[in-house]
Structures are given as structure tokens and as C-alpha cells.
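Asker: Dropping a structure here in C-alpha cells format, bear with me for questions.
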Amino acid sequence: QMRTLGPKYGKLLNGIRAYLAQVDGNAAMDALNESGELTFELDGQSVALTKDDVLIDAAQVAGFVSESEKELTVVLDTNLTPELLKEGMIREVVSKVQTMRKEAGFEVMDHILVYQADNEAIAALLTENAAEICSEVLAERIVTGQTAGYVKEWNINGEKTMLGVEKL
């Protein structure tokens, strides 16, 4: 803040600016919050900056999103873990099967068989999560390696596969 620092430190302004550009922002904020000032030596002079002397701005870090209002800041980690990616794939498969149920004219309570072919990664996902997927789509079981009933090709998060649904 030039209006507060100018009268106090005039000729040291460029040095203060250089110091603040290289200082660890989190450590500086911690010092300001704990003692009310950030102190350091510059050209043999002691410099003490308060919150009124500096412009404080939150920076966005890759993989995180933050929002601030007054004294509160909320930060969300947006990094995709293998578990989140797997859950997303499961949700996509369920969505595709539900779409196929509707397109095939099945009733909401009809029990079905789900078929899948032409993609080993999707087959493994279906096999590992069969109970969850079957529960969501009212399937009695999932058959991999073949298709039957109403069949459609899908691209599920970059993985091409054939899915089929058949009413029991």
C-alpha cells in the first residue's frame, strides 16, 4: 500500500517490494495474524508492516478451488484420485444402462440382464462392482464378453464398449 508505506519508508519501497515478492506468503500471513506485523531488516533498517501496509490476495493453486467471504475461506481439493475416477466410471455405466432401459421401452420395475462386450477395462469394472451396478439398474446379473437384447455402442470416459440390456 503506497499510501501507508510511502510516508514511513520512502526510499526503501523498492526493497520492500522485492522482499515481499520473494517471501513465503503463508509464513508472512501467519506472522501478521499472530503478532499483527511482519518484521524484517532491510538495508540496516528494521521494517514492520501491518495488515494495513500490504495488499493481501488469495492465490489459486492448481488442483484446488477457493472462495472467500469476509473472514472465511473454503478450499476444495479438485484433484481426481483413482477412487473418484472409478466411481465416475461406475456412475457413467449406470447412466448408460438406465438410458438403454428407457430407449428399449422397459418399465421402471422391470428386472433385466446387462451385457457388455469389446472392452476389457469396462468388463473388469463391471465384474468388480457388479453388486452396486445391479442394485442401481435392477439387474439380476451382468454378463461380460457378449451382448444380447437391446444393444448399443457407448464411449464411457474414453473407453468404447458395447452394452446390452434384456428384460427378464
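Asker: Looking at the chain as a GNM with Cα springs under 10 Å, which of A121, A48, A148 has the largest mean-square fluctuation?
Answerer: A48
Asker: Check the straight Cα-Cα distances from K152 and name the lysines below 17 Å, setting aside those fewer than 8 residues away within the same chain.
Answerer: Within the straight-line cut-off, K152 pairs with K96, K102, K160, K167.
Asker: Rounded to the nearest 10 Å², what accessible area does T127 show when all protein chains are kept and the probe is 1.4 Å?
Answerer: Approximately 100 Å² of T127 is accessible to the 1.4 Å probe.
Asker: Also, quick follow-up: Take peptides 69-79, 133-143, 21-31, 83-93 and line them up by average Cβ neighbours within 10 Å, highest first, as a rough protection proxy. If you can, show how the numbers build up before the last one.
Answerer: Working: 69-79: 8.5, 133-143: 16.5, 21-31: 11.5, 83-93: 14.9.
My ranking of the peptides, most packed first, is 133-143, 83-93, 21-31, 69-79.
Asker: Quick one: work out the % antiparallel among DSSP beta bridges in segment 96-161, nearest 5. Intermediate results must be reported in sequence, preceding the final value.
Answerer: Working: 4 of 9 bridges.
The antiparallel fraction comes to roughly 45 percent.
Asker: Collect residues whose amide H, placed 1.01 Å from N in the peptide plane, falls under 5 Å from the amide H of A139; neighbours closer than 5 in sequence don't count.
Answerer: Close amide H contacts, sequence-distant or interchain: I112.
Asker: Another one. Kirkwood hydrodynamic radius of segment 92-168 from all distinct Cα pairs, in Å? Can you show the working numbers first?
Answerer: On the way: mean 1/r = 0.0835 Å⁻¹.
With all distinct Cα pairs of segment 92-168 included, I get 12.0 Å.
Asker: If you fit an axis through the alpha-carbon atoms of helix 25-35 and take the longest principal axis of the Cα set of the chain, what angle between them do you get, 0 to 90°, nearest 10?
Answerer: 60 degrees
Asker: Here's another thing I want to ask about it. For segment 11-168, which whole-number percentage of the solvent-accessible area (1.4 Å probe, protein heavy atoms only) is attributable to carbon and sulfur atoms? Before the final figure, lay out the partial values.
Answerer: Details: 5230 of 10240 Å².
C and S fraction of accessible area: 51 percent.
Asker: Could you tell me how many degrees, from 0 to 90 and to the nearest 10, lie between the Cα long axis of helix 82-103 and the main elongation axis, the longest principal axis, of the Cα atoms of the chain?
Answerer: Tilt of helix 82-103: around 40 degrees.
Asker: Counting only helical runs of four or more DSSP H residues, what would the 222 nm mean residue ellipticity of the chain come to if each run contributes -39,500 (n - 2.57) and the total is spread over all its residues?
Answerer: On the way: 6 runs with 68 residues, N = 168.
Computed mean residue ellipticity for the chain: -12500 deg cm²/dmol.
Asker: Using a cut-off of 20 Å between alpha-carbon atoms, which aspartates and glutamates can reach K11, once sequence neighbours fewer than 8 places away in the same chain are excluded?
Answerer: Qualifying aspartates and glutamates at Cα under 20 Å: E41, D43, D52, D53.
Asker: Any chance you could run the full-extension gain for M109 through T73? It's 0.36 nm times the residue separation minus the Cα-Cα distance, nm to one decimal. Spell out each step's value before the answer.
Answerer: Working: separation 36, 0.36 × 36 = 12.96 nm, distance 4.55 nm.
8.4 nm is the gain from fully extending M109 to T73.
Asker: Just to check I understand the Karplus step: with θ = phi - 60° and J = 6.51 cos²θ - 1.76 cosθ + 1.60, what whole-Hz values come out for segment 64-80, glycine and proline as x?
Answerer: So the Karplus estimates, Gly and Pro as x, are 9, 10, 10, 9, 10, 8, 6, 9, 10, 10, 10, 10, 10, 7, 9, 5, 8 Hz.
Asker: Accessible surface of S95 in the full protein assembly, 1.4 angstrom probe, to the nearest 10 Å²?
Answerer: Rounded to the nearest 10, that gives 50 Å².
Asker: At 1.4 Å probe radius, can you tell me the per residue accessible area of the chain in Å²?
Answerer: Here the per-residue accessible area is 65 Å².
Asker: Whenever you get a sec, line up K102, K152, K167 from highest to lowest accessible area (probe 1.4 Å, protein heavy atoms). All intermediate terms of the calculation are to be shown ahead of the outcome.
Answerer: Working: K102 170, K152 60, K167 105 Å².
Output order, biggest surface exposure first: K102, K167, K152.
The values are calculated or read from the model by the stated rules, or taken from the named source; none is laboratory data. For clarity, every value in this text was computed on a predicted model and none was experimentally measured. Every residue, glycine among them, receives a Cβ derived from its backbone with ideal geometry; neighbour counts consider all protein chains shown. Surface areas here come from the heavy atoms of the whole protein model, side chains and all, with no ligands, DNA or RNA. Shrake-Rupley method; radii C 1.70, N 1.55, O 1.52, S 1.80 Å.
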